[in-house]
Amino acid sequence: MSCGPNAGKHYCEPGASLDLLLHADDIHASYDQRRILKGVGFSLHRGEILGLIGTNGAGKSTLMGVLAGSHQHSSGRMTLAGEVYGPDTIDEAQACGVGLIPQNFRLNPELTVAEAIFRGTFQGAKPHADLRGQASALLADVGVDLDPDTKVGGLIRAEQTLVEVLRMVAEEAQLVIMDEVAASLPDHDVAVLHKVLRMLISQGRAIIYITHRLDEVRSIAHRIAVLRDGRVHRVLDASQTNEDELAFLLLQEKPEGNSRPGEPAAGDEALRVANLRVGDRVRDVTFSVAKGEIFGLVGTHRSGIYALVEALVGLHPSTSGRIFVRGVEAAIRNHQDARDLGIGFLSDTTDNFAPETSSIVDGLHHAADPAAVSLQDEVMQLRGVIELVRRMRINTTNIHCTMATLSGGDRQKVQLAKWMTTDCDILVLSHPSRGIDIGAKEIVYRMLHELTQTGVAVILLSSDLSELVGWCHRIGVMRDGELVSIEANANTNEDVLVHHMLGDKFQEPRGEARRLKGQPT
């Protein structure tokens, strides 16, 4: 029986080929009357990881939607396990053995970790008590340190990502599609993720792995497909290419690159934290950030780094200690207090995104009293929006289109651009480059540099160590609730940061946790 439009629902019989799993030929698809896919063709074999890279708006998410049943293609042909394949729904694709972790997935916050892992499987209807033992064993097998009884709403984004990856293991999907799952994962968790991926392919499954981290895709993929303007431009052997070649194929030009920042220009103090405590998660943290400085923050999930940031922006107030803004002691009890003090915050959660029904203009527009806005002001604002869209390379033909028409990476650009054009004196950014391509990252860095030239202080939380070293003047490292080190850019590198992050757990050689720049295994 085939698995497609003319096939019986929820049944997929293996085809004759034991090697070729998926073949796509001349796939076309549109979204909101825009042609997105313009003849995509590629193949995928069992036991293979196919890396998929492309700039924002190249068509990656649309292609994954076609494969996963959330979007229908208009022409072309697909086969899965030797049978015609063309799912009309996500449920049908899942019944055929195709699982997807989308870039901006959402989890029911009331589910436990165990329930979230097994949801959608034949065991999904079982109560938590019946699932926790299997979940504990699975978590232990792959080395993920999570309590199966914990509600997923209490997990940070990176931990929720690991739960979603384990869901793919529990689903027993034969084709697993992962869209930017490592975007907010620190290197040691990327190593855990890679361990799971290798386990999956050892079982004869196949993986399509979408990422903007070019070092990582070379490390884990067997082949890398470059999607450009709705077509697969080239497919390369991962062991026979390098980051420079991949970047050139994506951008059609050589990336400019950024020079590492040195000492920040002397500036007055923008923010100072003294002996800050947040419950039992953050203890006696002290540091300052100068006007015009980019101050990086890095740490593992349970290091207290998120609790520290949330205290600074008023999401979860500190329990003791003092915060000074522009030299004056401030009480930050909620998010509005932070905004009134000129502190802006871009989070790394999906709740950060503007509603899909709002327009791109709304997403980039700063709220104002309509009665106080003249026609000239409105024209100037629209020109500003157009310039931002052009500068950030947001892939759209109409600034009045809804946010739903944008790729996940382009939505991230909209939110980032909006915060970067506010009048904040202190800007706290959590994983600002999550989901955006290498060309856009260079633009973001230049915009941040321009902001700092005007005296804005930036606190940058990122799990991408190369980004921290490339962008920040100084980098603070959190471990076990304490700020264990503040490293000047000139005196640090990724190894030093990992050493401070992991403490006694750090080992030389760095092993799995830092193999991203190596070759596939």
**Request:** For residue 130, indicate whether it is of a type in the set (D, E, K, R), within 28 Å of the chain's Cα centre (by Cα) and in a helix (DSSP H, G or I).
**Result:** no
**Message:** Please go through region 427-479 and give me each residue that is surrounded by 21 or more Cβ atoms within 10 Å (Cβ to Cβ) and of a type in the set (Ser, Thr, Tyr), ordered by number.
**Reply:** 430, 433, 452, 462, 463
**Item:** Failed criterion for residue 79 (all others in (1) of a type in the set (Ser, Thr, Tyr); (2) in a strand (DSSP E or B); (3) surrounded by fewer than 21 Cβ atoms within 10 Å (Cβ to Cβ) hold)
**Value:** (3)
**Asked** In region 181-217, which residues are touching a Gly at 6+ places or on another chain (Cβ under 6 Å) and either among the aromatic types (Phe, Trp, Tyr) or closer than 19 Å to residue 116 by Cα (or both)?
**Response** 192, 209
**Prompt:** What is the one condition in (1) under 27 Å from residue 446 (Cβ atoms); (2) surrounded by 23 or more Cβ atoms within 10 Å (Cβ to Cβ); (3) of a type outside the set (A, V, I, L, M) that residue 306 does not satisfy?
**Reply:** (1)
**Prompt:** Does residue 27 qualify as being β-branched (Val, Ile, Thr), modelled with pLDDT of 95 or more and in contact with a strand residue (DSSP E or B) (Cβ under 6 Å, 6 or more places away or on another chain)?
**Reply:** yes
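Quick check on residue 235: is it within 30 Å of residue 152 (Cβ to Cβ) and surrounded by 14 or more Cβ atoms within 10 Å (Cβ to Cβ)?
Values: within 30 Å of residue 152 (Cβ to Cβ): no; surrounded by 14 or more Cβ atoms within 10 Å (Cβ to Cβ): yes.
No, not satisfied.
Out of 181, 190, 163, 144, which single residue is under 26 Å from residue 407 (Cβ atoms), touching a helix residue (DSSP H, G or I) at 6+ places or on another chain (Cβ under 8 Å) and in a loop (DSSP other than H, G, I, E, B)? Show your work before the answer.
On the way: 190 fails: in a loop (DSSP other than H, G, I, E, B); 163 fails: in a loop (DSSP other than H, G, I, E, B); 144 fails: under 26 Å from residue 407 (Cβ atoms).
Only one candidate qualifies: 181.
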**Asked** So, of the residues in region 30-43 that are modelled with pLDDT under 95 and polar (S, T, N, Q), which turns out to be surrounded by the most Cβ atoms within 10 Å (Cβ to Cβ)?
**Response** 30
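Conditions tested, residue by residue: (1) touching a residue at least 24 places away in the same chain (Cβ under 8 Å); (2) under 24 Å from residue 502 (Cα atoms); (3) over 16 Å from the mean Cα position of the chain (by Cα); (4) assigned by TED's automatic domain parsing to the domain that holds residue 497.
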{"position": "157", "(1), (2), (3), (4)": "yes, yes, no, no"}
{"position": "161", "(1), (2), (3), (4)": "yes, yes, no, no"}
{"position": "164", "(1), (2), (3), (4)": "yes, no, no, no"}
{"position": "168", "(1), (2), (3), (4)": "yes, no, yes, no"}
{"position": "171", "(1), (2), (3), (4)": "yes, no, yes, no"}
{"position": "175", "(1), (2), (3), (4)": "yes, no, yes, no"}
{"position": "181", "(1), (2), (3), (4)": "yes, yes, no, no"}
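The values are calculated or read from the model by the stated rules, or taken from the named source; none is laboratory data. Treat the numbers as computed from the prediction; the structure is a model and nothing was measured. Using ideal geometry, Cβ is built from the backbone for each residue, glycine included, and neighbour counts are taken over all protein chains shown.
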